[in-house]
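Undergrad: Pasting a structure here, questions to come.
The values are calculated or read from the model by the stated rules, or taken from the named source; none is laboratory data. The model shown is predicted, which means the values in this text are computed figures rather than measured ones. Reconstructed Cβ throughout: ideal geometry from the backbone, glycine too, with neighbour counts over all protein chains shown. Quick note on the areas: whole protein, heavy atoms, side chains included, nothing else; ligands and nucleic acids left out. Shrake-Rupley method; radii C 1.70, N 1.55, O 1.52, S 1.80 Å.
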Amino acid sequence: MSRTDHGGGEAERLAPVIPLFGQADAARSEVRPRSAAAPESGQSWHTTWTTEPRTVASGPSPAVRSAPREPAAVRPADESDVRARAERTLLKRLRGRSLSVREARDVLREADLADAEAEAVIAAFLDNGYLDDSRLAEQLLDGALGRKAQGATAIAQTLSRRGLDREVIDIAMASLPDDEAERALDFARQRARGMSDLDHDVALRRLHGQLARRGFRGSVALDAARQALSELT
């Protein structure tokens, strides 16, 4: 290629400009977007600036996999799927009522979760406060002392039946108020009203039996039954 200069002289001969291979790529690298670089000092990190580095565990990019993954619909359930289902089952049960740790283990065992995975779930539920044997013991005590009107024997049996540890039961029983005789008498008075037409001895046996089934100790139950019936005359 040639051109004529302004003075009319011979045109200066110039070699054609041929882009070197890769030069375009280098140019692109020079104008790489800000998102690929780390933020400057004083800026807060934002997840949209860059992606997390790929780890060995995360595997190769989907673009370089040699074969497509098997569809989830036909892929056999792995251990994580079993654990997820077991956790959902346990959460559903906990929405219905509080469970002890032992009862939670039974639920996970019924869900076919391996022992090691079950203990991991139990630990997570304990950390999040979904399971708490001490709190459950308090709830059971409130019910026993309130609407159920139970004596100490029945309360201890209930706590044991729910799978609470001996230490938790002992602490709960030690916190019982010293008013079992009063609670037995209140219950006996309520039941005695329907026995006014019975023979005294028959009424005494029935009332004493009801108090005993409520977990009131023998002497406490008998004294309460006698006093409640004497108040009817």
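Undergrad: What helices (runs of 4 or more DSSP H), lying completely within the range 119-233, carry at least 2 residues that are in contact with a helix residue (DSSP H, G or I) (Cβ under 7 Å, 6 or more places away or on another chain), among the small types (Gly, Ala, Ser) and more than 19 Å from Leu94 (Cβ to Cβ)?
TA: Numbers: elements: 133-145, 152-161, 166-174, 180-192, 200-213, 218-230.
Passing ranges, in order: 152-161, 180-192, 200-213, 218-230.
Undergrad: Taking the range 84-106 on its own, how many of its residues are buried (at least 17 other Cβ atoms within 10 Å of the Cβ) and closer than 17 Å to Ala116 by Cα?
TA: Final tally of qualifying residues: 7.
Undergrad: Of all residues in the range 161-212, how many are open to solvent by 60 Å² or more (accessible area, probe 1.4 Å) and farther than 26 Å from Leu229 by Cβ?
TA: Number satisfying all stated conditions: 8.
Undergrad: On to the next question. List the pairs whose first member sits in the range 208-227 and is without any contact (Cβ under 8 Å) to a residue 12 or more places away in the chain, whose second member is of a type in the set (S, T, N, Q), and whose Cβ atoms are under 9 Å apart, counting only residues at least 6 apart or on separate chains?
TA: Close Cβ pairs satisfying both conditions: Ala212/Thr153.
Undergrad: Only one of Ala156, Ala221, Ala181 is among the hydrophobic types (A, V, I, L, M, F, W, C) and touching a His at 6+ places or on another chain (Cβ under 8 Å); which?
TA: Ala221
Undergrad: Only residues that are under 20 Å from Gly163 (Cβ atoms) and open to solvent by 70 Å² or more (accessible area, probe 1.4 Å): list them for the range 107-126, please.
TA: Once the filter is applied, which keeps residues that are under 20 Å from Gly163 (Cβ atoms) and open to solvent by 70 Å² or more (accessible area, probe 1.4 Å), the range 107-126 yields Arg109, Glu110, Asp115, Glu119, Leu126.
Undergrad: Can you pull out every residue in the range 154-180 that is under 13 Å from Asp133 (Cα atoms) and touching a residue at least 40 places away in the same chain (Cβ under 8 Å)?
TA: If the condition is that a residue be under 13 Å from Asp133 (Cα atoms) and touching a residue at least 40 places away in the same chain (Cβ under 8 Å), then Arg162, Gly163, Leu164 are the ones that fit.
Undergrad: If Ala124 meets every condition in (1) within 24 Å of the chain's Cα centre (by Cα); (2) on the phi > 0 side of the Ramachandran plot apart from one, which number is that one?
TA: Of everything listed in (1) within 24 Å of the chain's Cα centre (by Cα); (2) on the phi > 0 side of the Ramachandran plot, Ala124 misses just condition (2).
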